[in-house]
1. B:GLY57 label points, 7 Å along Cα→Cβ, one per copy: pairwise distances from this copy to the rest in nm, shortest first?
2. How long is the gain from A:GLN159 to A:ASN203 if the chain were fully straight, where each residue apart is worth 0.36 nm and the alpha carbon distance is subtracted?
3. What do you get for the angle between helix A:227-239 and the principal long axis of chain A? Use alpha-carbon atoms, 0 to 90 degrees, nearest ten.
4. Given R₀ = 30 Å, FRET efficiency for B:ASP265-B:MET79 by Cβ-Cβ distance, to 0.05?
5. What do you get for trypsin sites (Lys or Arg not before Pro) in the range A:162-204 restricted to DSSP loop and a cutoff of at most 14 other Cβ within 10 Å of the site's Cβ?
6. What FRET efficiency do you get for B:VAL37 and B:SER177 if R0 is 41 Å and r is their Cβ-Cβ distance, rounded to the nearest 0.05?
7. Can you tally the net charge around A:VAL19? Count Lys and Arg as +1, Asp and Glu as -1, for every other residue whose Cβ sits under 9 Å from the Cβ of A:VAL19.
8. Counting DSSP beta bridges in the protein assembly as shown, what percent are antiparallel, to the nearest 5?
2 protein chains.
Amino acid sequence: MGYQVPHKVGDRVGVGCFVDSCRKCGPCLGGLEQYCVEGPTLTYNGVERDGQTRTQGGYSNKIVADENYVLRIPDNLPMDRTAPLLCAGITMYSPLMHWKAGPGKKVGIIGLGGLGHMGVKIAHALDAEVSVLSHSLKKQDEAKKMGADKFYATTSSDQESFEKLKGYFDLIINTLSVEIDWNRYLNLLTLDGTMVVVGLPENETPLGAASLINARRSLAGSVIGGIRETQAMLDFCSKHNIASDIELLQIQKVNEAYPRVVKSDVRYRFVIDTKSLD
Amino acid sequence: MGYQVPHKVGDRVGVGCFVDSCRKCGPCLGGLEQYCVEGPTLTYNGVERDGQTRTQGGYSNKIVADENYVLRIPDNLPMDRTAPLLCAGITMYSPLMHWKAGPGKKVGIIGLGGLGHMGVKIAHALDAEVSVLSHSLKKQDEAKKMGADKFYATTSSDQESFEKLKGYFDLIINTLSVEIDWNRYLNLLTLDGTMVVVGLPENETPLGAASLINARRSLAGSVIGGIRETQAMLDFCSKHNIASDIELLQIQKVNEAYPRVVKSDVRYRFVIDTKSLD
């Protein structure tokens, strides 16, 4: 369980999206606590293993957590820009590693928000060719600075991008939490390509079998990552000097920030400064 | 290209679902002609590489085909019961091999028709644990004779099977060409499990992201197999004494057989006796 490096007083550490899991099922024993058969104990508004105690989240300047579920933050990573790595960062790192993004692989990232911008940075550091598929060309310059090789607008009028990219990608990660036409994007995958869904749209979406059958494509899902893998992601980000682009926020302004989150008007994650809690 | 064993006059040979392909794209060069980027030349009502000549299918006592697209029929396999192997057999063999059905793997086959009954026989010969998920228990005894270890009814009233089998299968192959609730079946997959669609329902089907995300599941598609793999399937079937269960038909009765195909009232494939063509 966990990564078995004891933490000491004064260490720089962080807690991710879950603080416990059953510790005995196959996924837990395999370091995939996020897929714990009984369900991991989520950090925010989850339920402890006792089945009744509510977890209270991390909007606080103190938190009690089992050391097996605490991550080591490398010295060169700033704390505020690292906080989103424990959610958005690992959500992208895990599928990029599992589906083997790397040299010679063409990776498409749908959506350039909190998740997407981490996907671009990590896939680029993995030496994959990275394309962003975004609603408009608005964020093109920022994406290229993050390491994107290519940038395409996906507005329904842009049939040209879709024609040109047919059968192009080895891996597409769809970061959107709104419904899109999966068939349209599946057709952009090459033989044995995979599209991974990491967002959770509210409604089901129609899918045609032909989109999968034509080139032995897969549509898959992935959620955050295990403790070991989250530590590996932090170490990887440390090595490649990767952190999240954030807007640091005083807790007193949280009600102003929320509507901007809903409108996707944030570059690229809000982080609450815990100093403002005092 | 092909399997490079020249055929001689008098050899027992067969032709499958396609008779040619572009021979130069990645999939063709990799022995995956069924995924030829330009599309393989289908045996039935296809178009030759010249872009205009119609292929005329196999309902005849002679056919001209390039030897690279002709399969060797092993001596111990009867010709009539082998004919469906070149379509139904390879359609099941290819995904069972690609997604590594074998000892210790739990395989579910949805539907026990022409495709499904071949899936049961092949998965059993691969030493996987095989379960059939069928509309009713009607074909249970026949399935067990074919090698099925377990048999479940999937009528909507049978919530018990679905509860019991949640997270059970490593691999499910859906042979149905009618729409089903994919979400319901995806939930039967364990961590990293895959459901492969080999039938082609007419309409799109609603899919929820949660069904995939919860256990890093995949929904994939597969179509027949390449020439090398089709030969490997025939050799495998020869070794394990596997052939299709058929009803042999005189061509004169084809109009009586057709409505029975539509009603799925055939055990398990009709094969036309080419002697009746004379």
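1. Once sorted, the set of distances for B:GLY57 reads 6.4 nm.
2. Full-extension gain reported as 13.3 nm.
3. Around 70 degrees separate the two axes.
4. 0.80
5. A:LYS166
6. Once rounded, the FRET efficiency stands at 0.95.
7. -3
8. Here the antiparallel bridges make up roughly 25 percent for the protein assembly as shown.
No value in this document is a laboratory result; all are computed from the given coordinates. Predicted model, so just to flag it, every value in this text is computed and none were measured. Glycine also receives a Cβ, built like all others from the backbone with ideal geometry; neighbour counts cover every protein chain displayed.
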